[in-house]
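The values are calculated or read from the model by the stated rules, or taken from the named source; none is laboratory data. Predicted model only: the values in this text are computed from it and were never measured. In this analysis, Cβ positions are derived from the backbone assuming ideal geometry, glycine residues included, and neighbour counts consider all displayed protein chains.
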Amino acid sequence: MPERYAKITGWGKYVPERVLTNADLEKMVDTSDEWITTRTGIKERRIRGENEQASDFSVKSALPALEMAGLAAKDLDLIIVACSSPDYLVPGVATIVQHKLGARCGAFQITSGCSGWVYALVTATQFIQAGTMDNILVIGTDLVSYGVDYTDRTTCVLFGDASAAVVLQPSEEPAGVITYELGSDGSGAEHLYVPGAGSVMPISKYGDRLVKERLGYIKMNGPEVFKFATRTLASSMKRVMDKAGLLPEDIALFIPHQANLRIIETAARMMHQPLDKFMINLQKYGNTSAASVPLALVEAIEEGKCRVGDKVVLCAFGAGLTWASAVVLLGSGEVSLAHSWLSLGRLAKRTVGKARDAVQAFLLNVQMRRLEAKRKAKAR
(Lines give C-alpha, C1' and ligand atoms only; values in the text may rest on other atoms or scores of the structure.)
Protein backbone atom coordinates (compact mmCIF):
# COMPACT_ATOMS: atom_id res chain seq x y z
CA MET A 1 0.00 0.00 0.00
CA PRO A 2 1.50 3.38 -0.99
CA GLU A 3 2.19 5.95 1.70
CA ARG A 4 -0.63 8.42 2.30
CA TYR A 5 -0.25 12.13 2.90
CA ALA A 6 -2.87 14.68 3.94
CA LYS A 7 -3.04 17.31 1.22
CA ILE A 8 -4.68 20.71 1.73
CA THR A 9 -7.21 20.93 -1.11
CA GLY A 10 -9.41 23.83 -0.03
CA TRP A 11 -9.34 26.85 2.24
CA GLY A 12 -11.56 29.70 3.36
CA LYS A 13 -11.80 32.52 5.86
CA TYR A 14 -14.31 34.77 7.54
CA VAL A 15 -13.84 38.06 9.36
CA PRO A 16 -16.76 40.17 10.64
CA GLU A 17 -17.57 43.59 9.23
CA ARG A 18 -17.15 45.63 12.39
CA VAL A 19 -13.70 47.22 12.72
CA LEU A 20 -12.35 48.38 16.08
CA THR A 21 -9.44 50.75 15.51
CA ASN A 22 -6.80 52.05 17.88
CA ALA A 23 -8.55 55.41 17.69
CA ASP A 24 -11.75 53.75 18.93
CA LEU A 25 -9.87 52.22 21.86
CA GLU A 26 -8.44 55.63 22.77
CA LYS A 27 -12.02 56.62 23.66
CA MET A 28 -12.55 53.51 25.80
CA VAL A 29 -9.38 53.11 27.88
CA ASP A 30 -6.23 55.03 28.76
CA THR A 31 -4.22 54.22 25.64
CA SER A 32 -3.12 55.69 22.33
CA ASP A 33 -2.50 54.61 18.78
CA GLU A 34 1.22 55.22 19.29
CA TRP A 35 1.33 53.11 22.47
CA ILE A 36 -0.50 50.18 20.86
CA THR A 37 1.39 50.32 17.57
CA THR A 38 4.88 50.55 19.03
CA ARG A 39 4.26 47.72 21.51
CA THR A 40 2.23 45.34 19.35
CA GLY A 41 2.14 46.43 15.69
CA ILE A 42 -1.67 46.23 15.75
CA LYS A 43 -3.69 49.02 14.11
CA GLU A 44 -7.19 47.52 14.12
CA ARG A 45 -9.12 44.33 14.82
CA ARG A 46 -12.47 42.82 13.76
CA ILE A 47 -15.30 42.33 16.26
CA ARG A 48 -18.27 39.98 15.93
CA GLY A 49 -21.76 41.23 15.17
CA GLU A 50 -24.30 41.28 17.99
CA ASN A 51 -25.90 37.95 17.06
CA GLU A 52 -22.87 36.14 15.61
CA GLN A 53 -21.64 33.00 17.34
CA ALA A 54 -18.54 30.82 16.95
CA SER A 55 -20.55 28.26 14.99
CA ASP A 56 -21.67 30.97 12.53
CA PHE A 57 -18.07 32.07 11.98
CA SER A 58 -17.00 28.46 11.45
CA VAL A 59 -19.66 27.74 8.85
CA LYS A 60 -18.80 30.92 6.94
CA SER A 61 -15.13 29.95 6.66
CA ALA A 62 -15.91 26.28 5.97
CA LEU A 63 -18.20 26.77 2.99
CA PRO A 64 -15.61 28.31 0.63
CA ALA A 65 -13.07 25.69 1.73
CA LEU A 66 -15.48 22.88 0.86
CA GLU A 67 -16.38 24.48 -2.47
CA MET A 68 -12.71 24.82 -3.43
CA ALA A 69 -12.11 21.17 -2.54
CA GLY A 70 -15.09 20.10 -4.63
CA LEU A 71 -16.88 18.58 -1.66
CA ALA A 72 -20.35 18.79 -0.18
CA ALA A 73 -20.77 18.68 3.58
CA LYS A 74 -22.23 15.17 3.31
CA ASP A 75 -18.88 13.97 1.89
CA LEU A 76 -17.00 14.81 5.10
CA ASP A 77 -15.66 12.06 7.34
CA LEU A 78 -14.74 14.35 10.23
CA ILE A 79 -14.90 17.96 11.43
CA ILE A 80 -12.39 19.34 13.92
CA VAL A 81 -12.86 22.86 15.28
CA ALA A 82 -10.13 24.54 17.30
CA CYS A 83 -11.91 27.04 19.53
CA SER A 84 -11.69 28.49 23.04
CA SER A 85 -14.83 30.64 22.73
CA PRO A 86 -17.59 28.16 21.76
CA ASP A 87 -21.31 28.87 21.59
CA TYR A 88 -21.79 26.95 24.84
CA LEU A 89 -19.56 25.35 27.46
CA VAL A 90 -21.36 22.10 26.54
CA PRO A 91 -21.77 20.84 23.85
CA GLY A 92 -18.59 21.56 21.92
CA VAL A 93 -19.03 23.92 19.00
CA ALA A 94 -17.97 21.31 16.42
CA THR A 95 -21.25 19.42 16.74
CA ILE A 96 -23.21 22.62 16.11
CA VAL A 97 -21.06 23.35 13.06
CA GLN A 98 -21.67 19.80 11.79
CA HIS A 99 -25.44 20.33 12.11
CA LYS A 100 -25.44 23.77 10.49
CA LEU A 101 -23.38 22.50 7.54
CA GLY A 102 -25.66 19.49 7.10
CA ALA A 103 -22.76 17.06 7.46
CA ARG A 104 -23.19 13.46 8.60
CA CYS A 105 -19.91 12.71 10.34
CA GLY A 106 -18.07 12.85 13.62
CA ALA A 107 -17.07 16.22 15.02
CA PHE A 108 -15.07 17.40 17.99
CA GLN A 109 -13.54 20.54 19.46
CA ILE A 110 -9.92 21.15 20.45
CA THR A 111 -9.35 23.76 23.14
CA SER A 112 -5.65 24.62 23.15
CA GLY A 113 -5.88 28.39 22.92
CA CYS A 114 -3.93 30.02 20.12
CA SER A 115 -2.12 26.75 19.36
CA GLY A 116 -5.37 24.90 18.78
CA TRP A 117 -5.59 24.97 15.00
CA VAL A 118 -2.10 23.60 14.43
CA TYR A 119 -2.92 20.86 16.96
CA ALA A 120 -6.10 20.17 14.97
CA LEU A 121 -4.24 20.11 11.64
CA VAL A 122 -1.73 17.58 12.98
CA THR A 123 -4.54 15.48 14.49
CA ALA A 124 -6.49 15.40 11.22
CA THR A 125 -3.34 14.40 9.36
CA GLN A 126 -3.03 11.27 11.50
CA PHE A 127 -6.49 10.02 10.49
CA ILE A 128 -5.73 10.43 6.79
CA GLN A 129 -2.26 8.91 7.04
CA ALA A 130 -3.74 5.93 8.89
CA GLY A 131 -6.12 5.35 5.98
CA THR A 132 -9.25 5.55 8.14
CA MET A 133 -10.64 8.82 6.70
CA ASP A 134 -10.48 10.71 3.42
CA ASN A 135 -12.18 14.10 3.80
CA ILE A 136 -11.58 16.18 6.93
CA LEU A 137 -12.54 19.78 7.63
CA VAL A 138 -10.20 21.62 10.02
CA ILE A 139 -11.44 24.96 11.35
CA GLY A 140 -9.87 27.56 13.63
CA THR A 141 -12.38 29.97 15.15
CA ASP A 142 -12.33 32.35 18.07
CA LEU A 143 -14.54 35.21 19.18
CA VAL A 144 -12.09 36.52 21.74
CA SER A 145 -13.90 39.84 22.09
CA TYR A 146 -16.60 38.32 24.27
CA GLY A 147 -13.94 37.33 26.83
CA VAL A 148 -12.02 40.61 26.78
CA ASP A 149 -12.27 43.17 29.57
CA TYR A 150 -12.56 46.51 27.77
CA THR A 151 -11.46 48.34 30.93
CA ASP A 152 -8.09 46.56 30.87
CA ARG A 153 -5.80 48.26 28.38
CA THR A 154 -3.17 45.51 28.62
CA THR A 155 -5.46 42.93 27.00
CA CYS A 156 -8.29 44.70 25.17
CA VAL A 157 -5.93 46.18 22.57
CA LEU A 158 -4.62 42.75 21.54
CA PHE A 159 -7.52 40.59 20.43
CA GLY A 160 -9.99 40.26 17.58
CA ASP A 161 -12.47 37.77 16.12
CA ALA A 162 -12.08 35.59 13.01
CA SER A 163 -12.31 32.11 11.52
CA ALA A 164 -10.41 30.17 8.86
CA ALA A 165 -10.61 26.61 7.58
CA VAL A 166 -8.91 24.05 5.37
CA VAL A 167 -9.95 20.72 3.87
CA LEU A 168 -7.56 17.77 3.99
CA GLN A 169 -7.71 14.86 1.53
CA PRO A 170 -5.38 11.91 0.87
CA SER A 171 -2.49 12.08 -1.59
CA GLU A 172 0.07 9.48 -2.60
CA GLU A 173 2.52 12.29 -3.34
CA PRO A 174 4.19 14.11 -0.43
CA ALA A 175 1.90 16.90 0.75
CA GLY A 176 0.54 18.63 3.84
CA VAL A 177 2.16 18.22 7.24
CA ILE A 178 5.63 16.75 6.77
CA THR A 179 7.03 17.22 10.27
CA TYR A 180 5.54 18.69 13.43
CA GLU A 181 6.06 19.46 17.10
CA LEU A 182 3.39 19.75 19.77
CA GLY A 183 4.40 21.19 23.15
CA SER A 184 2.92 22.08 26.51
CA ASP A 185 4.13 23.62 29.78
CA GLY A 186 1.26 23.64 32.24
CA SER A 187 3.39 25.34 34.90
CA GLY A 188 2.54 28.57 33.09
CA ALA A 189 -1.22 28.00 32.93
CA GLU A 190 -2.07 31.06 35.01
CA HIS A 191 0.01 33.40 32.86
CA LEU A 192 -2.85 33.45 30.33
CA TYR A 193 -6.24 32.25 31.50
CA VAL A 194 -9.83 33.04 32.50
CA PRO A 195 -9.96 32.54 36.30
CA GLY A 196 -13.72 32.16 36.70
CA ALA A 197 -16.62 30.03 35.45
CA GLY A 198 -14.72 26.72 35.48
CA SER A 199 -14.73 24.02 38.15
CA VAL A 200 -12.16 25.97 40.21
CA MET A 201 -14.54 28.90 40.55
CA PRO A 202 -18.03 27.84 39.39
CA ILE A 203 -20.66 30.46 38.66
CA SER A 204 -23.13 28.76 41.00
CA LYS A 205 -20.89 29.46 43.98
CA TYR A 206 -18.82 32.50 42.99
CA GLY A 207 -21.20 34.36 40.68
CA ASP A 208 -21.17 37.68 42.56
CA ARG A 209 -17.40 37.62 42.98
CA LEU A 210 -16.87 36.83 39.29
CA VAL A 211 -18.82 39.93 38.33
CA LYS A 212 -17.37 42.23 41.00
CA GLU A 213 -13.74 41.26 40.39
CA ARG A 214 -14.18 40.76 36.62
CA LEU A 215 -12.84 37.21 36.83
CA GLY A 216 -14.79 36.00 33.83
CA TYR A 217 -12.42 37.83 31.50
CA ILE A 218 -9.00 36.96 30.08
CA LYS A 219 -6.14 37.69 32.47
CA MET A 220 -2.60 37.81 31.12
CA ASN A 221 0.84 38.14 32.65
CA GLY A 222 2.26 40.04 29.69
CA PRO A 223 5.99 39.89 30.51
CA GLU A 224 5.90 36.13 31.17
CA VAL A 225 3.92 35.37 28.01
CA PHE A 226 6.27 37.56 25.98
CA LYS A 227 9.32 35.71 27.33
CA PHE A 228 7.70 32.35 26.63
CA ALA A 229 6.79 33.37 23.08
CA THR A 230 10.22 34.75 22.19
CA ARG A 231 11.88 31.58 23.49
CA THR A 232 9.45 29.29 21.70
CA LEU A 233 8.74 30.71 18.25
CA ALA A 234 12.17 30.54 16.61
CA SER A 235 13.35 27.42 18.44
CA SER A 236 10.27 25.35 17.62
CA MET A 237 10.33 26.35 13.95
CA LYS A 238 14.00 25.39 13.77
CA ARG A 239 13.31 21.99 15.31
CA VAL A 240 10.60 21.05 12.80
CA MET A 241 12.88 22.15 9.96
CA ASP A 242 15.64 19.99 11.42
CA LYS A 243 13.28 17.00 11.47
CA ALA A 244 12.51 17.57 7.80
CA GLY A 245 16.18 18.03 6.91
CA LEU A 246 15.52 21.56 5.72
CA LEU A 247 17.30 24.90 6.07
CA PRO A 248 15.56 28.29 6.22
CA GLU A 249 16.39 28.92 2.56
CA ASP A 250 14.27 25.87 1.66
CA ILE A 251 11.21 27.55 3.16
CA ALA A 252 9.07 29.87 1.06
CA LEU A 253 7.32 31.54 3.98
CA PHE A 254 7.18 31.42 7.77
CA ILE A 255 3.65 31.77 9.13
CA PRO A 256 3.77 32.55 12.85
CA HIS A 257 0.99 33.18 15.33
CA GLN A 258 -0.07 36.81 14.95
CA ALA A 259 0.20 37.95 18.56
CA ASN A 260 2.76 40.73 18.59
CA LEU A 261 5.04 42.19 15.93
CA ARG A 262 7.97 42.39 18.35
CA ILE A 263 7.79 38.64 18.94
CA ILE A 264 7.93 37.97 15.19
CA GLU A 265 10.79 40.45 14.75
CA THR A 266 12.75 38.69 17.50
CA ALA A 267 12.19 35.31 15.81
CA ALA A 268 13.38 36.70 12.48
CA ARG A 269 16.59 37.98 14.08
CA MET A 270 17.22 34.71 15.89
CA MET A 271 16.74 32.77 12.64
CA HIS A 272 18.79 35.28 10.61
CA GLN A 273 15.92 35.67 8.17
CA PRO A 274 14.49 38.85 6.62
CA LEU A 275 11.23 40.01 8.14
CA ASP A 276 9.54 39.97 4.73
CA LYS A 277 9.86 36.17 4.76
CA PHE A 278 7.36 36.12 7.64
CA MET A 279 3.64 36.44 6.96
CA ILE A 280 2.28 39.35 8.97
CA ASN A 281 -1.36 40.46 9.03
CA LEU A 282 -1.77 41.29 12.73
CA GLN A 283 -1.96 44.98 11.90
CA LYS A 284 -5.43 44.28 10.44
CA TYR A 285 -6.81 41.68 12.81
CA GLY A 286 -4.83 41.58 16.06
CA ASN A 287 -4.56 38.25 17.85
CA THR A 288 -7.46 36.03 16.71
CA SER A 289 -6.32 33.06 18.83
CA ALA A 290 -7.06 29.71 17.12
CA ALA A 291 -7.95 31.52 13.88
CA SER A 292 -4.64 33.38 13.73
CA VAL A 293 -2.41 30.89 11.88
CA PRO A 294 -5.02 29.56 9.41
CA LEU A 295 -6.16 33.10 8.63
CA ALA A 296 -2.56 34.11 7.92
CA LEU A 297 -2.09 30.98 5.79
CA VAL A 298 -5.20 31.67 3.71
CA GLU A 299 -4.26 35.31 3.16
CA ALA A 300 -0.69 34.36 2.26
CA ILE A 301 -2.03 32.06 -0.47
CA GLU A 302 -4.50 34.71 -1.66
CA GLU A 303 -1.73 37.33 -1.86
CA GLY A 304 0.62 35.02 -3.75
CA LYS A 305 3.20 34.90 -0.95
CA CYS A 306 3.20 31.09 -1.15
CA ARG A 307 2.11 28.75 -3.93
CA VAL A 308 1.52 25.11 -4.75
CA GLY A 309 4.75 23.21 -4.25
CA ASP A 310 6.07 25.62 -1.62
CA LYS A 311 7.11 24.57 1.85
CA VAL A 312 5.89 26.79 4.68
CA VAL A 313 6.47 26.62 8.43
CA LEU A 314 3.56 27.21 10.79
CA CYS A 315 4.04 28.02 14.48
CA ALA A 316 1.50 28.94 17.13
CA PHE A 317 1.82 29.51 20.86
CA GLY A 318 -0.56 30.52 23.59
CA ALA A 319 -2.63 29.58 26.62
CA GLY A 320 -1.63 26.43 28.42
CA LEU A 321 1.09 27.37 27.92
CA THR A 322 1.17 25.47 24.63
CA TRP A 323 2.89 25.62 21.27
CA ALA A 324 2.64 23.78 17.97
CA SER A 325 4.74 23.94 14.79
CA ALA A 326 4.68 22.15 11.46
CA VAL A 327 6.45 22.08 8.12
CA VAL A 328 3.70 22.01 5.51
CA LEU A 329 4.04 21.29 1.79
CA LEU A 330 1.34 23.11 -0.16
CA GLY A 331 -0.15 21.03 -2.95
CA SER A 332 2.08 18.05 -3.65
CA GLY A 333 5.64 17.52 -4.76
CA GLU A 334 9.01 16.33 -3.62
CA VAL A 335 9.78 16.77 0.05
CA SER A 336 13.47 15.95 -0.41
CA LEU A 337 13.87 15.02 3.23
CA ALA A 338 17.46 13.97 2.67
CA HIS A 339 18.71 16.68 0.37
CA SER A 340 19.92 18.99 3.13
CA TRP A 341 22.03 16.21 4.61
CA LEU A 342 23.67 15.02 1.41
CA SER A 343 25.80 18.10 1.16
CA LEU A 344 28.68 18.26 3.64
CA GLY A 345 28.79 21.98 3.15
CA ARG A 346 25.18 22.36 4.26
CA LEU A 347 25.71 19.99 7.15
CA ALA A 348 28.63 22.10 8.32
CA LYS A 349 26.49 25.20 7.99
CA ARG A 350 23.78 23.60 10.10
CA THR A 351 26.26 22.63 12.83
CA VAL A 352 27.73 26.13 13.00
CA GLY A 353 24.24 27.59 12.96
CA LYS A 354 23.15 25.49 15.93
CA ALA A 355 26.15 26.62 17.97
CA ARG A 356 25.50 30.24 17.06
CA ASP A 357 21.82 29.87 17.97
CA ALA A 358 22.69 28.39 21.37
CA VAL A 359 24.90 31.39 22.15
CA GLN A 360 22.25 33.78 20.90
CA ALA A 361 19.55 32.11 23.03
CA PHE A 362 21.81 32.40 26.07
CA LEU A 363 22.42 36.10 25.45
CA LEU A 364 18.71 36.70 24.90
CA ASN A 365 17.94 34.99 28.19
CA VAL A 366 20.50 37.18 29.98
CA GLN A 367 18.95 40.27 28.41
CA MET A 368 15.44 39.21 29.45
CA ARG A 369 16.63 38.64 33.03
CA ARG A 370 18.19 42.11 33.14
CA LEU A 371 14.96 43.69 31.86
CA GLU A 372 12.98 41.77 34.47
CA ALA A 373 15.35 42.92 37.22
CA LYS A 374 14.98 46.55 36.09
CA ARG A 375 11.19 46.18 36.03
CA LYS A 376 11.14 44.81 39.58
CA ALA A 377 13.51 47.56 40.77
CA LYS A 378 11.18 50.22 39.35
CA ALA A 379 8.21 48.53 41.00
CA ARG A 380 9.87 48.96 44.40
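Among the residues of region 158-168, is any surrounded by fewer than 24 Cβ atoms within 10 Å (Cβ to Cβ), farther than 25 Å from Leu233 by Cβ and in contact with a helix residue (DSSP H, G or I) (Cβ under 9 Å, 6 or more places away or on another chain)?
No.
Looking at region 14-55, which of its residues are assigned to a helix (DSSP H, G or I) and closer than 19 Å to Val148 by Cβ?
Correct list: Asn22, Ala23, Asp24, Leu25, Glu26, Asp33, Trp35, Ile36, Thr37, Arg39, Thr40, Ala54.
Just need a number here: residues in region 270-293 that are more than 17 Å from the chain's Cα centre (by Cα) and in contact (Cβ under 8 Å) with a residue 12 or more places away in the chain.
5
Go through (1) at pLDDT 95 or above; (2) assigned to a helix (DSSP H, G or I) and name the single condition Leu347 misses.
For Leu347, the exception is condition (1).
Among residues belonging to region 274-311 that are among the acidic types (Asp, Glu) and part of a helix (DSSP H, G or I), point out the one that is nearest to Gly331 (Cα to Cα).
If we take residues in region 274-311 being among the acidic types (Asp, Glu) and part of a helix (DSSP H, G or I), then Glu302 is nearest to Gly331 (Cα to Cα).
What residue, among those in region 246-267 that are over 17 Å from the mean Cα position of the chain (by Cα) and surrounded by fewer than 20 Cβ atoms within 10 Å (Cβ to Cβ), is nearest to Asp33 (Cα to Cα)?
Among residues in region 246-267 that are over 17 Å from the mean Cα position of the chain (by Cα) and surrounded by fewer than 20 Cβ atoms within 10 Å (Cβ to Cβ), the one nearest to Asp33 (Cα to Cα) is Thr266.
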